[in-house]
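The structure appears right after this line, and notes come after that.
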Amino acid sequence: VDLAENKRLHAEYQSRIAVLTAKAREVLGPINLNSPKQLIPALQREVPSVILTEFFWKKMDDDEEKHSTKKAVLERESKKHPVLRTMLEYRRRTTLRNFLTGIHKYTSERSDGRIYVCSKIRGDVTVTQRMSSSKPNLQNLPRDVQDEVDAALNVKRQYVSRFPGGSLAEADQSQLELRVAAIASGD
């Protein structure tokens with residue numbers, strides 16, 4: 001892990017999130033943008049035409065109408081007001097920032113002076129017996145989103161090869177467990 005790149009990326013994400021937070025609060029007021037209980041009434045107040053119900057939710061006689069701020073709902077309504085697009089961008093940037101925050105807790109410096117991150121890979125914690133990565137979860141690293149690549153905001157930039165001048169390979173784990181079982185059993 002290149003901790004200098006991690007620090008640079010984190011600072012860049014923090015500044016962009018601060019701009020998005022200010023932009024959203026300018027319209028919605030001083031609310032917690034991560035709280036659906038505060039976000040729903042603020043959106044309904046400022047964007048009266050917004051419909052925050054999910055498509056496939058059936059209202060029962062004794063139920064009150066349920067509202068959602070899920071990504072799909074906000075994307076569906078995003079043409080109604082720019083603050084909805086701001087909220088989507090805010091959430092995306094916040095999620096990506098989470099891949100930068102606290103990575104140093106899972107690093108160790110080796111004798112060669114390089115800093116390594118070691119994720120815990122286990123096959124005994126999921127019901128389906130699939131591989132599970134934790135501390136940090138490197139399976140959930142986001143795929144390259146074009147504007148993150150163009151703006152040098154790709155969170156994968158913090159990971160570097162342990163070999164001087166080397167590169168990293170990214171692989172899909174499609175049917176990995178079955179392949180390992182077949183190799184182990186000689187099937």
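The values are calculated or read from the model by the stated rules, or taken from the named source; none is laboratory data. Note that the structure is predicted; figures quoted are calculated from it, not measured. Positions of Cβ are backbone-derived with ideal geometry, glycine not excepted, and every protein chain shown enters the neighbour counts. Keep in mind that these areas ignore ligands, DNA and RNA; they rest on the heavy atoms of the full protein, side chains included. Shrake-Rupley method; radii C 1.70, N 1.55, O 1.52, S 1.80 Å.
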Counting only protein heavy atoms and a 1.4 Å probe, tell me what percentage of the chain's accessible area is made up of carbon and sulfur.
52 percent
Against the 2.2 N^0.38 Å rule of thumb, the C-alpha Rg of the stretch 60-149 sits at a ratio of 1.60
A chain fully extended from L138 to S49 at 0.36 nm per residue, minus the present Cα-Cα distance, gains in nm 28.0 nm
Any idea of S119's accessible area? Nearest 10 Å², probe 1.4 Å.
30 Å²
Contact order relative to length of the chain, as percent, for alpha carbon pairs under 8 angstrom and 6 or more apart:
22 percent
Descending semi-axes in whole angstrom, ellipsoid equivalent of the stretch 102-187, from the Cα gyration tensor
27, 18, 15
Suppose R0 equals 41 Å; then what is the FRET efficiency for Q38 and A151 from their Cβ-Cβ distance, rounded to the nearest 0.05?
0.85
Looking only at aspartates and glutamates whose Cα falls under 19 Å of K66's and that sit 8 or more positions away or on another chain, we get E46, E54, E75, E77
Under the 0.36 nm per residue contour assumption, what length would be gained going from the current alpha-carbon distance of R92 and Y106 to full extension?
2.7 nm
Could you tell me what fraction of 2.2 N^0.38 Å the Cα radius of gyration of the stretch 70-119 comes to, as a two-decimal ratio?
1.86
Kirkwood Rh, Cα Rg: Rg to Rh for the chain?
1.07
Could you provide, to the nearest whole Å², the per residue accessible area of the stretch 63-160 with probe 1.4 Å?
63 Å²
Zone of I31's modelled label, taken as backbone nitrogen in the stretch 72-109 under 20 Å from a point 7 Å along Cα→Cβ
72-95
Hey, what number do you get for the chain at 222 nm if only DSSP H runs of n ≥ 4 count, each worth -39500 (n - 2.57), divided across all residues, to the nearest 500?
-12500 deg cm²/dmol
E170-R122 pseudo-label distance in nm [points 7 Å out on the Cα-to-Cβ vector]
2.7 nm
Let me cross-check D144: its accessible surface, 1.4 Å probe, with only protein heavy atoms counted, in Å² to the nearest 10?
90 Å²
Going through the cross-link list K7/K135; K80/K156; K37/K120; K23/K71, which pairs have a Cα-Cα distance over 27 Å in this structure?
K80/K156; K37/K120
